[in-house]
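Scroll down for the structure; my scribbles are underneath it.
Taken together, the values in this text are just the output of simple stated rules run on the coordinates, not laboratory data. In this text, all values refer to a predicted model and were calculated from it rather than measured experimentally. Don't worry about glycine lacking a Cβ; one is built from the backbone with ideal geometry, like all the others, and counts go over all protein chains shown.
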Amino acid sequence: MMSRPSAASSAARMLMAMVGEGLMRASRSEMNAILAPLAVGLICRPAWHTLAAHVPQAGDGRMDSYAEPMATLGDRLTAAREGAGLDVAAMAEALGLRPETLEGWEVDQAEPTASLMGRIATVTGVSPVWLLTGQGAGPKDDSAGAHLRAELADLRRLLAEASARVERLEEALSHG
């Protein structure tokens, strides 16, 4: 699924085409129509969006569904917080923020600064790359972990039963 190009990337492609065809023939209003979205995109775009565009896309099997195009930064912030077992108030306190600020980020009303992204990753135990892209070390999926722990407990119980049975058989053979 391809994402819709931003106004800035569309403007950049248009600008490159015009350079190839002779930019000097463009009127002042055409230049403004092209350069304004490009400038806004370059100046206002948070640094981690630019970084995320250049990060290799390699998951490690931990909650990779957050890498899908529908998952937002807010979705990943919520998943990271919940995966760390924190409520909004506790995470906001750990970051030195008001809970309302964190809630705004989680519903994509605003975004944290690049420096806060690193602190969020540290507090929640996920990689900064996962927060940005959904790829890499994200929060552990506790439902899968609970299932694996239950299966491991069953295997340990079966092993203990088998060990006791082996001991009884060895004892029976040694007395026989």
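What list of ³J(HN,Hα) couplings, whole Hz, do you get for the stretch 151-162 from phi and the Karplus terms 6.51, -1.76, 1.60, once you set θ to phi - 60° and write x for glycine and proline?
Each residue of the stretch 151-162 in turn: 5, 4, 4, 4, 5, 5, 4, 4, 5, 5, 5, 5 Hz.
Please list 3J(HN,Hα) in residue order for the stretch 164-169, calculated via the Karplus relation 6.51 cos²θ - 1.76 cosθ + 1.60 where θ = phi - 60°; whole Hz, with x for glycine and proline.
5, 5, 4, 4, 5, 5
Dividing the Cα radius of gyration by the Kirkwood radius, what Rg/Rh value follows for the stretch 64-133? Write out the running numbers ahead of the final one.
Details: Rg = 10.8 Å, Rh = 11.8 Å.
In the stretch 64-133, Rg relative to Rh is 0.92.
Rank by packing, highest mean first: peptides 164-173, 94-103, with packing defined as the count of other Cβ atoms within 10 Å averaged across residues.
On the way: 164-173: 9.7, 94-103: 15.4.
My ranking of the peptides, most packed first, is 94-103, 164-173.
Would you calculate the separation in nanometres between label points at Leu158 and Gln109, each defined as 7 Å from the Cα along the Cα-to-beta-carbon direction?
5.2
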